[in-house]
Structures are given as structure tokens and as C-alpha cells.
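The next block holds one structure in the form of C-alpha cells; read it before the comments.
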Amino acid sequence: MKLRKVSAASATVFALALTATACGGDNSTGGDSGSGGGKTITVGIKFDQPGLGQKTPQGYAGFDVDVATYVAKKLGYNADQIEWKEAKSADRETMLQRGDVDFIAATYSITPERQEKVDFAGPYLLAHQDVLVRSDDNKIKSPKDLNNAKLCSVTGSTSAQNVKDKLAPKAQLQPYPTYSACLPGLQNGAVDALTTDDSILAGYAAQSQFKGKFKLGGFKLTNENYGIGVKKGSDLKADINKALEAMVAEGAWQKAVDKNLGPADYKNEPAPKIGDIKS
């Protein structure tokens, strides 16, 4: 009798386990949402880039966030099923390789070195290295005008050094810890220019406290092909590419650019064709 009771209990537990598995065990790519077994997807973005990927008291905002949200919806996930994770530049390949995230949209330039470690969907934006100057500054009209100018140099970035090495050898590099710290210096004249990707510069300049105070030089010093990173060999790549094509075709891509970067008078390139990587 005792053996029969144990067997019955075991059968009940086994049946419950099968039911639980059938109800949602295979529905989650990025972990259980904790809201009744709904599936989730985990997406890496920047948390500290205004206009592109930023964590705010109201949630997450920026062009990359809008692109990722659109893509996730096409993959079958509503906005409340997205788990956002911070993807710092130095951590992106590792996060994908370990499976910490399903995909990354974080000003992630496609390069041959990175393509050896991860796959990319896209590109979904063609950016360029550029400079940001004060809106009333008419002296800096070309890269050579940066000679003898005070150029903000951010720790860990090579953008300013590249300008000095290749374009304006007399540029005076002024070290600052972050791009955000450069902006007040640019505003009060402590520095004359700030350089990095034009999309990133536009995002900073589009902030309400800086609206109308800065302008982009429009120099297009490099091509930066932003892609969506996925784990090497991931089936998601093809589906994300389809989602990006749909976003452009439906007009949602341009709306996202205008909303997030338009306040800085950002002159974006047309949406790139999938697989068209500009060198």
C-alpha cells in the first residue's frame, strides 16, 4: 500500500512537470518574464547615449531602442516582453558569445575583426565620424581648421587622436572623462570641438538643455556601418534583416531617426541596404 501511494504521488509530479513544460518551457529565448510564463527576449543596448540608447527614469529611449523594439515586435515580442541589458562597447562580443543577450543594437559598427567573433544583421544606419562645434562658430569649416583648435579627447576613444594624426596635426587635445563632460566645455569655450560618430554627437546635441547651441560639421571623416549583433551562426540574423527591411519600407525607420536625432539638425544618410557595408 505504501509503495502504491508513492508511485501515485510520483506519477502526479511527473504529470505536472510535463504540463509545465508544455505550457511555456520552450517559449522564452531570454528568460522567463515572471508574469505568468510569457516569453521574453533579451536585448543589449547602450544605457548612456542620449538619442541612441539611454536609460531614463521613464524607461529606455533612443534610435537604437526604437529599432530594437520594432525588430522584437516582428520577431513576436511586445515591448513589455523585452529585457534590456547594458551592452558596453568592450563587452558586446562576450555577451553574445555567452548567450547573455539575443541581439545587440548599440552603435555597433560592423568590422572584419568583429565579424570573426559574431554575426551582424543590417547595417541599419550609416554614420560617419564628424565634429560638433558651437552653433555660432564659423571658423571651423573643414578638418584642417581644427589645427590650433582645442579638441575634446575622451578617455578610451581614438577619434580625437585620429584627427590629430591624420588631418590636423596642430590640434590641441583636451582630455575629458566622457562625451557628456565635453559638452559644457564646448558650450563655455573651454574646447572648440568634439569628435566621434555624427549620430552620437547628434544625440547629445538633441538634448533639451543643448538644443540649438551646437551644430555638426558635416565632415564625414569615416564610414560607420551600424549593425545588429547576434551570436555566430544564429538563425535570428535572417529574421532581423527582414524586420529591418520592413521598418524602412513602412516609414518607421525615418520616423525614428527624425524623432531621436532630428532636433540636432542631423542629416542622415538614406537607410542602407541589407549587406551593403561602406568601407
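The values are calculated or read from the model by the stated rules, or taken from the named source; none is laboratory data. Since the structure is predicted, the reported quantities are computational estimates derived from the model, not experimental observations. Neighbour counts run over all protein chains shown; Cβ positions are idealised from the backbone, glycine included. Surface accessibility is based on the protein's heavy atoms, side chains included, excluding ligands, DNA and RNA. Shrake-Rupley method; radii C 1.70, N 1.55, O 1.52, S 1.80 Å.
What to note about this one:
- Simple Cβ-charge dipole of the stretch 63-121, Lys/Arg +1 and Asp/Glu -1, about Cα centre, in debye nearest 20: 80
- Across the stretch 147-279, the convex hull enclosing all Cα atoms gives 130 Å³ per residue.
- Rough spin-label spacing in nm, given labels placed 7 Å along Cα→Cβ, for residue 116 and residue 139: 4.4
- Under the convention that each Lys and Arg Cβ holds +1 and each Asp and Glu Cβ holds -1, the size of the dipole of the stretch 137-279 around its Cα centre is about 340 debye.
- Using distinct alpha-carbon pairs, which all enter the 1/r mean, Kirkwood radius of the stretch 121-216 in Å: 13.4
- Amide H to amide H, with H built 1.01 Å from N, residue 173 comes under 5 Å of 151, counting only residues 5 or more places away or on other chains.
- Cα-centre dipole for the chain with unit charges at Cβ (Lys and Arg positive, Asp and Glu negative), debye to 20: 300
- A 1.4 Å probe run over the chain, with the rest of the protein chains in place, finds 51 Å² accessible per residue.
- Rounded percent of accessible protein surface that carbon and sulfur make up, the stretch 102-242, 1.4 Å probe: 46
- Each other residue within a Cβ distance under 13 Å of residue 265 adds +1 if Lys or Arg and -1 if Asp or Glu, for a net charge of +1.
- Packing rank of 49-60, 119-130, where each peptide gets the mean count of other beta carbons within 10 Å, highest leading: 119-130, 49-60
- Translational diffusion coefficient (Stokes-Einstein; Kirkwood radius from C-alpha pairs) of the chain at 4 °C, 1.567 mPa s, in µm²/s: 63
- The residue list 233, 223, 155 was ranked by how far each Cα lies along the charge dipole of the stretch 152-273 toward its positive end, using unit charges on Cβ atoms, and 155 comes out on top.
- For a paramagnetic label modelled on residue 90 (point 7 Å from Cα along Cα→Cβ), amide N atoms under 20 Å away belong, within the stretch 138-157, to 153-157.
- FRET efficiency, residue 181 to residue 235 (Cβ-Cβ, R0 45 Å, nearest 0.05): 0.60
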